[in-house]
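The values are calculated or read from the model by the stated rules, or taken from the named source; none is laboratory data. Here the structure is a predicted model, which means the values were calculated and not measured. Cβ placement follows ideal geometry from the backbone for every residue including glycine, while neighbour counts extend to all protein chains displayed.
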Amino acid sequence: MIQVQNVTKIYKSGNVETRALKGVSFIIQDGEFVAIIGPSGSGKSTLMHILGCLDTATSGQYFLGGKDMSRFSEDELTDIRKKKIGFVFQAFNLLPRTTVLRNVILPLVYANTPKDKRKKIARDCLLSTGLNEKQFHHFSNQLSGGEKQRVAIARALVNDPSLILADEPTGNLDSKTSEIVLETFKNLNKRGRTIILITHEKYIAEKAGHIISLKDGEIIEDAVAHRSKTAQQIEE
């Protein structure tokens with residue numbers, strides 16, 4: 001599904017250059033559950049933005065579904081984000097005085113999904129995250145943190161994306177609630193979803209079957225099912 005080849009990202013401020021990514025390379029297969037881990041400043045958020053087509057690399061190539069993302073226009077990348085990528089954020093980003101069901105339906109409105117299909121799609125996605133129908137009509141500000149995150153996951157699913165990107169999705173949750181949210185991701189992965197989870201917590205990353213570790217903009221380990229590969233080995 002994903003191939004990243006020697007990707008570099010440089011931010012410029014006047015005469016000062018900051019190299020956020022330094023020639024990273026890796027492959028993610030369709031249907032994998034991947035964790036990208038690293039401390040603050042390691043480049044993991046920059047990498048997530050590139051993988052989510054929210055930003056572009058300074059150099060190198062990013063292939064999604066075999067297509068080079070650098071060849072697409074801004075409008076085309078926006079369309080790819082709408083149709084192929086679901087985003088889950090640490091802060092949930094739900095509308096507070098809007099019902100759970102309406103929060104999940106909204107992306108379908110923006111995607112011009114036929115009106116008669118929207119409610120069923122939203123309900124099915126909410127049920128797949130473990131929420132019950134009584135909760136569908138609650139306002140999002142009446143929910144617990146874990147419930148809000150599961151609503152956010154359901155919202156990421158409604159346009160049937162091939163890839164789900166989760167940026168520190170357990171960052172605002174206690175350990176027990178984090179386990180519930182991680183179990184939701186694991187169940188979605190078992191149903192064939194490709195999931196990339198960004199985290200700085202080792203115990204969170206260990207839930208994934210593929211761990212990519214970053215430090216100072218470089219990959220220091222790329223481990224799949226306990227078999228480690230360096231970025232150089234992947235390129236070869």
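So which residues in region 191-224 are over 16 Å from the mean Cα position of the chain (by Cα), among the basic types (Lys, Arg) and within 21 Å of SER162 (Cα to Cα)?
Once the filter is applied, which keeps residues that are over 16 Å from the mean Cα position of the chain (by Cα), among the basic types (Lys, Arg) and within 21 Å of SER162 (Cα to Cα), region 191-224 yields only ARG191.
For region 1-18, which residues satisfy the criterion of being modelled with pLDDT of 95 or more and either part of a loop (DSSP other than H, G, I, E, B) or among the basic types (Lys, Arg) (or both)?
LYS9, the sole residue that qualifies.
Restricting to region 128-145, count the residues that are under 21 Å from ARG191 (Cα atoms) and either acidic (Asp, Glu) or under 20 Å from the mean Cα position of the chain (by Cα) (or both).
3
Given the conditions (1) under 23 Å from THR170 (Cα atoms); (2) loosely packed, with under 12 Cβ neighbours inside 10 Å, which single one is not true for LEU54?
(2)
State which residue is farthest from the chain's Cα centre (by Cα) when the search covers only region 87-106 and only residues that are assigned to a strand (DSSP E or B) and closer than 26 Å to ILE196 by Cβ.
Out of the qualifying residues, it is PHE89.
Taking region 107-140 as the region of interest, how many residues are part of a helix (DSSP H, G or I) and of a type in the set (Gly, Ala, Ser)?
3
Can you name every residue in region 141-155 that is in a loop (DSSP other than H, G, I, E, B) and touching a residue at least 40 places away in the same chain (Cβ under 8 Å)?
Correct list: LEU143 only.
Against the definition (out of contact with any Pro (no Cβ under 7 Å at 6 or more places or on another chain), assigned to a helix (DSSP H, G or I) and not basic (Lys, Arg)), how does LEU54 come out, yes or no?
No; evaluated as a whole, the condition is false for this residue.
Across region 63-72, which residue is nearest to ALA20 (Cα to Cα) among those that are free of Cβ contacts under 8 Å to residues at least 60 places away in the same chain and either in contact with a helix residue (DSSP H, G or I) (Cβ under 9 Å, 6 or more places away or on another chain) or surrounded by 15 or more Cβ atoms within 10 Å (Cβ to Cβ) (or both)?
MET69
Say whether the condition of being over 22 Å from LEU95 (Cβ atoms) and out of contact with any strand residue (DSSP E or B) (no Cβ under 9 Å at 6 or more places or on another chain) is met by at least one residue in region 140-149.
No, because not a single residue in region 140-149 is over 22 Å from LEU95 (Cβ atoms) and out of contact with any strand residue (DSSP E or B) (no Cβ under 9 Å at 6 or more places or on another chain).
Would region 145-165 turn up any residue that is crowded, with 20+ Cβ neighbours inside 10 Å, closer than 21 Å to HIS200 by Cβ and of a type in the set (Asp, Glu)?
No, region 145-165 contains no residue that is crowded, with 20+ Cβ neighbours inside 10 Å, closer than 21 Å to HIS200 by Cβ and of a type in the set (Asp, Glu).
Is it fair to say GLY41 is of a type in the set (Gly, Ala, Ser) and either assigned to a strand (DSSP E or B) or modelled with pLDDT of 95 or more (or both)?
Spelling it out, it is not the case that GLY41 is of a type in the set (Gly, Ala, Ser) and either assigned to a strand (DSSP E or B) or modelled with pLDDT of 95 or more (or both).
In region 32-43, is there at least one residue being acidic (Asp, Glu), in contact (Cβ under 8 Å) with a residue 40 or more places away in the chain, within 29 Å of LEU106 (Cα to Cα) and loosely packed, with under 13 Cβ neighbours inside 10 Å?
no
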